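Please read the structure below before turning to the comments.
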Amino acid sequence: MDHSGVSDPSVHQLRLFLMLAEELHFGRAAQRLYISQPAFSRQIKRLEEQLGLTLVQRSTRRVQITMAGENLLPRIRALVEAADALRQAASEHARSVTGRVVLGSYITALPVVTELVAVLRRRHPALNVALREVDFVEQVGALTDGSVDAVLCYGPVPPGIQALRLATEPQAVCLPDSHPLATRTAVSLAELADLPVVGLAASVHREWRKFWAADPRPDGTPVAYTDDAATTFESSVSAVSRGHGIRFVSVACRELFPRPGIRYVDVIDAPPCTALLAWSAERRDAPGVVALRRAAADMAVSMSDSPDSHWWHTARGSARWS
């Protein structure tokens with residue numbers, strides 16, 4: 001039989017066959033595994049097709065395992081037992097992760113942070129998960145000095161910091177609500193050319209500062225900055241509300257951080273921004289960091305199934321993160 005394009009049998013299918021060999025009755029075997037008899041029968045038939053063998057002789061009165069099925073039973077049982085042992089070992093390893101891991105974020109009360117911590121505690125009950133709020137300046141320094149093990153942030157990150165890409169979002173511009181452009185639904189970078197960007201502290205990573213100012217602009221024009229030296233999101237949008245300048249942000253901020261005196265307007269030609277889990281390269285293989293990386297990677301996959309959901313705000317799909 002040509003097996004091209006046929007997938008390998010699943011452990012689930014093999015487990016069903018073992019139950020059938022024990023009960024010699026489709027109905028009883030299906031009932032013991034809490035699935036319907038038609039679904040059970042389809043899986044056994046699919047297993048036979050994948051193996052290219054008839055495993056079961058069916059009649060209205062009885063079910064009999066064929067010679068081929070009997071010959072394969074020891075191997076099938078060994079495979080199922082090995083899969084069970086693997087699952088048990090993985091569970092024991094997960095529960096053996098101990099110690100303390102510190103996760104940093106701009107706002108530790110965000111739903112995505114809460115969900116990530118819940119996943120870690122569920123997977124690794126012996127791991128102490130702590131949170132710390134970090135601002136634009138602290139996020140890199142806290143990683144390099146070890147006061148946090150990882151941060152949820154937006155890129156870019158400097159050399160020596162590794163990151164897992166979690167999601168991308170469009171950018172918006174934060175404007176004073178009195179500005180004529182604040183009534184628009186979208187603007188271009190050219191329309192913002194004469195507006196200074198709120199200055200960030202010099203200790204903020206240079207490439208990060210330039211990215212979040214769209215500096216230089218697409219035509220090569222350098223950006224003018226205000227005399228502010230903001231280190232946090234709140235201090236920078238506060239400067240915007242006072243009419244000091246503008247600030248580029250992710251579009252999620254429209255929902256997450258509504259503030260009096262400002263408006264968020266989409267920027268049609270700004271590059272997308274990237275949400276990251278970042279960690280120091282030196283801490284990459286620390287057990288707590290590995291646990292964080294795996295949980296966040298699963299979360300990113302889950303969120304990719306919900307393209308209408310903002311990464312930072314939504315907790316949709318959290319049941320799949322466990």
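Within the range 137-164, which residues are over 16 Å from PHE233 (Cβ atoms) and surrounded by fewer than 20 Cβ atoms within 10 Å (Cβ to Cβ)?
GLY141, THR144, ASP145, GLY146, SER147, PRO156, PRO158, PRO159, GLY160, GLN162, ALA163, LEU164
Here are the criteria: (1) surrounded by fewer than 21 Cβ atoms within 10 Å (Cβ to Cβ); (2) in contact with a helix residue (DSSP H, G or I) (Cβ under 7 Å, 6 or more places away or on another chain); (3) under 26 Å from GLY141 (Cα atoms); (4) not aromatic (Phe, Trp, Tyr). Tell me which single one ALA167 does not satisfy.
Tallying (1) surrounded by fewer than 21 Cβ atoms within 10 Å (Cβ to Cβ); (2) in contact with a helix residue (DSSP H, G or I) (Cβ under 7 Å, 6 or more places away or on another chain); (3) under 26 Å from GLY141 (Cα atoms); (4) not aromatic (Phe, Trp, Tyr), ALA167 fails exactly one: (1).
Could you pull out the residue among ALA190, ALA142 that is among the small types (Gly, Ala, Ser) and assigned by TED's automatic domain parsing to the domain that holds PHE233?
ALA190
For the range 108-134, what are the residues that are surrounded by 18 or more Cβ atoms within 10 Å (Cβ to Cβ) and either in a loop (DSSP other than H, G, I, E, B) or not acidic (Asp, Glu) (or both)?
LEU110, VAL112, VAL113, LEU116, VAL117, VAL119, LEU120, ARG123, HIS124, LEU127, VAL129, VAL134
Please work out which residue is surrounded by the most Cβ atoms within 10 Å (Cβ to Cβ), limiting yourself to the range 174-191 and to residues that are of a type outside the set (Val, Ile, Thr), out of contact with any strand residue (DSSP E or B) (no Cβ under 6 Å at 6 or more places or on another chain) and closer than 12 Å to VAL267 by Cβ.
For the range 174-191, the residue satisfying everything is LEU189.
Just a yes or no: is a residue in the range 211-225 more than 17 Å from ASP135 (Cα to Cα), surrounded by 14 or more Cβ atoms within 10 Å (Cβ to Cβ), in the same structural domain as PHE248 (by TED's automatic domain parsing) and touching a Leu at 6+ places or on another chain (Cβ under 7 Å)?
yes
Could you please let me know if ALA291 is buried (at least 19 other Cβ atoms within 10 Å of the Cβ) and part of a helix (DSSP H, G or I)?
Yes.
The values are calculated or read from the model by the stated rules, or taken from the named source; none is laboratory data. None of the values given here were measured: they were computed from a predicted structure. Using ideal geometry, Cβ is built from the backbone for each residue, glycine included, and neighbour counts are taken over all protein chains shown.
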